[in-house]
Amino acid sequence: MRFAPFVLFVIGSTLCLGLGEASARPGSAPLPADSLAKSKKRKKPRATPAPTPTPTSSTPKTAVPRAPAPVQLPTPAPISLSWQRHTLPNGLRVILHPEPHMPAVSVSVGYSLGHSFETKGQSGFAHASFRHLQDSGTSQTSTHIPQASTYFGPDLTLFTTVASPSRLPAVLWREARRHSRPIDADAFSNLRATHHPRRFDQSDQGARLRAERLAYQGCWPYGHVAHDWTTDLQVASADSLDEFRRQHTSPSWTVITITGRFDTDAALEHLGQLFGPIPSGPPKPTRKVVLPDQTNQRVDVEKSSESTPQFFLYGWAVPPAGHVDLVALRLVIAMLQDRSDALPRARSTRLEKLPEEAKLQIHLDERAGPSMLTLRVDLPAFLDIDRVRQVVDDALLDLATYGPDTDEMLAAWRTVQLSHLHELSSMDSRSALLTRAEVLHGDPDAVASLPSVLSTVNREEVRRAARRHLTPIRRNLVEHRGPRVDPPKRLQSPSPPSKTTAAPQKPPRGSKQRKPQK
Amino acid sequence: MRTRPNLESTPNPSAWKAGLLAALAPTICAACLRMQPVPLLPPPPPQPAPIPTTHQPTLPPEPKDASLSLDPLELPPVHHESRPSGATLQHVHIPTLPLTHLRVVFPTGRAADGDQPGIATMTALTVLEGAVGPDAPTRRQHGIEQVAEHSIRVTTDATVFSFTFVSTEAEGVIEQLRTMFQQPGFRLSALQRARATALHLLASSNRLRSMEDALMGVERQVSESDLSNIKDWHCRTFHKTMYRSEGARVIWVGDVSLDRAQALTGRMLAGWKTTKGDPKPEAPRSNRRVIRVGSPGPDDPVQVVMLARGPDRDHEDWPALWIVSQLMTKTCGSLPWVEQPGAFRVCDTVAAKQAERWMGEMEAKLSMLGSSEIAPADLDVAKGTLVEAEARRLGNPRALADTLALWDASSFDRAGDKLSGVSDVRPAVGRHLTADQLRFVVVGSNASNAPTTSRRP
């Protein structure tokens, strides 16, 4: 069979053209570097070095976050807290951390008391019990032992007191009284009488509680945040409330930590006298709390018609205490929060576009179940809340996409470590941290191991933690916005020059005015 | 063959209904399935067995305050020595945590402003800001903020630079401080940041600064224009003449050993060349009895303070004066000997129109304390409250470092014992709190700083 020359020519041309196009497509065989260098317009050589030729390997046009280079972190500061654990016959756990050189003593009592322990029909019992414990901590005669600082959370209630060493017996007596005072009819009616009917969701803590309500939907037992005098409390009796109190303050559910200058034997003897006779209760049940996946943002927006300060709060349910992602999230917080040692308060580089008038607060509450991370921005009425939100959203998106850079990682690591050491250096917070670690983890050493765990977290893990846990899909937004108002006069920028100014008139024809020289 | 439908026949109703039902049955079944209630929360865990109510432990009697003696409040051992550089070193070893609090104190404060109000504060802030952040001319990548938390405080007669860092990074911190103190750059950017900080401090710490200035009888208040007129060469000159190692105090509290603290202090201050300049003229003094700051309205709240200079730091009358201060009011933010050495003070917040009346009441109460004996029970309560407050404060090493920066350890070591020894406060009142020794400060909010708002059209 013979082909016409013309046909052969067409076939050959087609083949040649097809090969040429294939070579021009990305992913195909690279072009020689010489051809690219020659195609550039040659410029007069200058002192600066010549630009390097385009890399021959083909690269996609869209930027893909690459695996960040590892950061060489300094050696973590070792923390060695020498403490002793004792368990009384009734199950009460005691942690003793003597420090002879300190001029004070700190006592922290932790109860497994919180709304996560409430069953059906007990909504609000935990908070009412907490209020009763708070009221029961007054001494009859000692008027200058300070009131205990308190913490009430879903899993844990803490009472912490710092006093002079000679007052340790009085402090322990007060805690024992707090522990043992029953909720009788008088105390119950007093609780009801001193309850001020107000919407707790409008209090200072209210925005965070509203975010928790959104975040923990469908999550037992975190799914409800019950405060105030609930319906269950209205139909309850003093006995039922007292039974709840006794159950959750039973010795096997309680931890006492003493730090500072004290004699361990004398302290144990006091504890045995005051807390030993308390009957042991049922063992604390183990439970696993699973947070259902959240697939869309949940919103609670309140609009006001009056010109009031605005705020918005982002809340995320994040992993429980002890999870490695939580350590990475601590670094994220350090990258976002303001520098506290600067005056006036300096923004982090990620949020430097946040207006000066905006007040930023970031808080992480570590819990046995899903922890809660909140980011709140308070701003005056004259700021655009949507624009401020955009600044925060952009910062979070950038962190989740590209992760932190080396300097940022080092600075965050140092900040978290310093902050942790600050917390531990103060006696009241150290005893509270040890108590919390024992109640939540069963191991106070978790407090001392944070620096070494921090040093194992790399940039990629921080990026992944931000991407996994701080996405808009898993976000819960609580917002309070009002009508826009004008900014104060001293903050108003000078008005731009008016665009309606008359254009300079051209000189009439024949005039002797000269044209402006160029 | 097609058959035409019988149009004249009427449809059977029952068949029609059956057919309709059959057609809708799948839809109805699907709707029923959808209408099933959404699964509720998983069932709660079973309740544990109730605790019997028969066991109510009876507590032993509460320990009485009278049976418990006041705690001596003994400080950890404080090492004190003079260094070859002329500086004084104080060291407290607290090895529990790898954290160090460093205070560097220069005996130069606002009283050295002379005819240039604000120069001491601006110089200190510029020195510190020069060490913060990257510095392109020196090719510095980052400043001291990367390794240490830092702050500064300028009192009437001292400037305190405060640093907190992890003990393992002490060497790096000292290298930065050496450059910061001995060769500050006084760059324009640092000066601008310092000015912004000084303006912020001007607005926020009115009461404290006014109190301190009142004690010193300093008449002139620093204004924004004063700060704006201060240039970099002013700060450079002030630094050269007033900052030196002689007379400086270096306080180490934390996980750094004495040997290491001595070596690092020497490293920080070694080779510091200072020039002796002409002493600045003293700021104009005034003996005004009442100093008013701000222009509040009659019903606006104002902070009122009654204060007196008091004796020297280590005078034996100070415990009695602390008790008097505690007896008169409880609203002061901190104990009198913390912020300003040598300052007895009583403070409160009242409406502006009641400030004069408050002053009269305080003077009358002080006069009564100086003439009548205090009931022993009231005396014990005041002492106990002071001891407990001091114990809480000293439970934090940072507070210990701050106090050592302004006071000698001997002044407040064993404060409990010193308070226990006070049985009568009248002699101390008669010696140090007479009418001509008292000063009053009234600090009101500045109305011009409040933002104005208006609705958008």
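The values are calculated or read from the model by the stated rules, or taken from the named source; none is laboratory data. If you're wondering where the values come from, they're calculated on a predicted model, not measured in any experiment. Reconstructed Cβ throughout: ideal geometry from the backbone, glycine too, with neighbour counts over all protein chains shown.
Before we move on, is residue B:361 in contact with a His (Cβ under 6 Å, 6 or more places away or on another chain) and without any contact (Cβ under 8 Å) to a residue 24 or more places away in the chain? The answer is no for residue B:361. I'm checking my understanding of the structure. Among residues of the range B:94-123 that are assigned to a helix (DSSP H, G or I) and either within 14 Å of chain A (Cβ to nearest Cβ) or at positive phi (or both), which one is surrounded by the most Cβ atoms within 10 Å (Cβ to Cβ)? The extreme case among them is B:122. Assessment of the range B:110-122 against the conditions (in contact with a Gly (Cβ under 9 Å, 6 or more places away or on another chain) and at pLDDT below 90) yields at least one matching residue.
One residue stands out in the range B:394-435 among those that are among the charged types (D, E, K, R), over 28 Å from residue B:368 (Cβ atoms) and more than 9 Å from chain A (Cβ to nearest Cβ): the one that is surrounded by the most Cβ atoms within 10 Å (Cβ to Cβ), namely B:402. Against the test of being surrounded by fewer than 20 Cβ atoms within 10 Å (Cβ to Cβ) and more than 12 Å from chain B (Cβ to nearest Cβ), the options A:407, A:365 yield a single qualifying residue, A:365.
Scanning the range B:146-170 for residues that are within 12 Å of chain A (Cβ to nearest Cβ) and either more than 21 Å from residue B:106 (Cα to Cα) or among the hydroxyl-bearing types (Ser, Thr, Tyr) (or both) gives B:146, B:147, B:151, B:162, B:164, B:166, B:167, B:168, B:169. Under the condition of being buried (at least 21 other Cβ atoms within 10 Å of the Cβ) and under 15 Å from residue A:123 (Cβ atoms), which residue from the range A:205-218 is nearest to the other protein chains (Cβ to nearest Cβ)? Residue satisfying both the conditions and the ranking: A:216.
Taking the range A:99-135 as the range and being surrounded by fewer than 18 Cβ atoms within 10 Å (Cβ to Cβ) and within 14 Å of chain B (Cβ to nearest Cβ) as the test, the residues that pass are A:100, A:101, A:119, A:120, A:121. If you go through the range A:100-118 and keep only what is modelled with pLDDT of 85 or more and part of a loop (DSSP other than H, G, I, E, B), you end up with A:100, A:102, A:103, A:104, A:112, A:113, A:114, A:118. If you go through the range A:290-299 and keep only what is away from chain B (no Cβ under 13 Å) and touching a residue at least 24 places away in the same chain (Cβ under 8 Å), you end up with A:294, A:295, A:296, A:297, A:298, A:299.
In this entry, residue A:418 is excluded by the filter for residues that are of a type in the set (A, V, I, L, M), in contact with a His (Cβ under 8 Å, 6 or more places away or on another chain) and assigned to a helix (DSSP H, G or I). Could you check residue B:394 against (1) within 19 Å of the chain's Cα centre (by Cα); (2) farther than 30 Å from residue B:254 by Cα and say which number it fails? So residue B:394 meets the others, but not (2). Taking the conditions (1) modelled with pLDDT under 85; (2) more than 21 Å from the chain's Cα centre (by Cα); (3) not hydroxyl-bearing (Ser, Thr, Tyr) in turn, residue B:412 satisfies each one other than (2).
Residues in the range A:149-187 that are surrounded by fewer than 21 Cβ atoms within 10 Å (Cβ to Cβ), more than 25 Å from residue B:396 (Cβ to Cβ), small (Gly, Ala, Ser) and facing chain B (nearest Cβ under 7 Å): A:180 alone.
How many residues are outside any helix (DSSP H, G or I) and loosely packed, with under 15 Cβ neighbours inside 10 Å when one looks only at the range B:252-271?
Of the residues in that region, 3 qualify.
Provide a single number: the residues in the range A:234-289 that are in a strand (DSSP E or B), within 11 Å of chain B (Cβ to nearest Cβ) and not polar (S, T, N, Q).
1
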